[in-house]
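None of the figures in this text is laboratory data; all of them are computed from the coordinates on show. All values reported here derive from a predicted model rather than from experimental measurement. For neighbour counting, all protein chains shown are included, and Cβ atoms are generated from backbone atoms with ideal geometry for every residue, glycine included.
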């Protein structure tokens, strides 16, 4: 795939379709964008048009990838904010009335933090330390792999060996439970 830099010369290539500029205007919008299907509906095109333009137009593809990188950065920022700063949740009594903070006299808002989100951020940024792992050992191979990782680097023989070991483990577990 040829690398395309986003310069003024490529504007004509990026926006060669009538809908490309409004598509990116909405896709890049913090409140409306990020979901291709929704953006297409708002702009009045079908998502297959975007898929086709991404396949056929390297400049459009590069601009789309840039928009996705910006979107991911925004999402990561929001994830960090929720994990570290938490989100305020209004608390209610059993009758549905908002609780009042006796110190301030205003509605009681409790900070909630997401341990799950914090763990995911740790796994993404330090997978060697925080991701789940399994170690499978056989007579002639020692295979270490992430449970959520890529298996593309494993040979067919190693995959067959893993399958064989898994079947043996299942058989042993069934025998032990009887």
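Some points to look at:
- Counted by neighbouring Cβ atoms within 10 Å, the residues 41, 82 run from fewest to most as 41, 82.
- Residue order, fewest to most beta carbons within 10 Å, for 61, 55, 74: 55, 74, 61
- Kirkwood Rh, Cα atoms: Rg over Rh of region 86-128: 1.28
- Estimated at 0.36 nm per residue, the fully extended path between residue 19 and residue 174 surpasses their Cα-Cα distance by 49.9 nm.
- Counted by neighbouring Cβ atoms within 10 Å, the residues 84, 108 run from fewest to most as 84, 108.
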